[in-house]
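Note sheet for the following structure.
The values are calculated or read from the model by the stated rules, or taken from the named source; none is laboratory data. Keep in mind that this is a model prediction, so the values were computed, not measured. Counting neighbours? That spans all protein chains shown, and the Cβs are built from the backbone with ideal geometry, glycine included.
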């Protein structure tokens, strides 16, 4: 693993695997879900939640925790899709550069984490 985030994810995953199907592993899975995981890790988290639920059928209150983890994963996926859609769509500045400033200023934009575009006029 090359960066700190990946090392952190590997440590959490190893700690969760050490707990097996114990309900205490759900707290670690929730922390993993909050890290905006990529596709293989999202699939892993979903499958581990199902395993823990099936191993602890006598504890229906765990379903609430699992639903919270799954909601985090879904929200992260939707956020990523919104960001990709915003990047693909054509960008239209809020208003054209006034004719007196055409050579000196231009529009620049950046994306927020929510997938919204923030416009800024900068000197060329």
Residue within region 61-79 that is out of contact with any helix residue (DSSP H, G or I) (no Cβ under 9 Å at 6 or more places or on another chain) and in contact (Cβ under 8 Å) with a residue 12 or more places away in the chain present = yes
If you scan region 19-36, which residues turn out to be more than 24 Å from residue 75 (Cβ to Cβ) and either under 14 Å from the mean Cα position of the chain (by Cα) or outside any loop (DSSP other than H, G, I, E, B) (or both)?
-> 19
Got at least one residue in region 38-47 being at pLDDT below 85, more than 30 Å from residue 122 (Cα to Cα) and in a helix (DSSP H, G or I)?
-> yes
What is the residue count in region 60-93 for residues that are surrounded by 12 or more Cβ atoms within 10 Å (Cβ to Cβ) and outside any helix (DSSP H, G or I)?
-> 1
Residue 16, sole failed condition from (1) assigned by TED's automatic domain parsing to the domain that holds residue 115; (2) part of a helix (DSSP H, G or I) = (1)
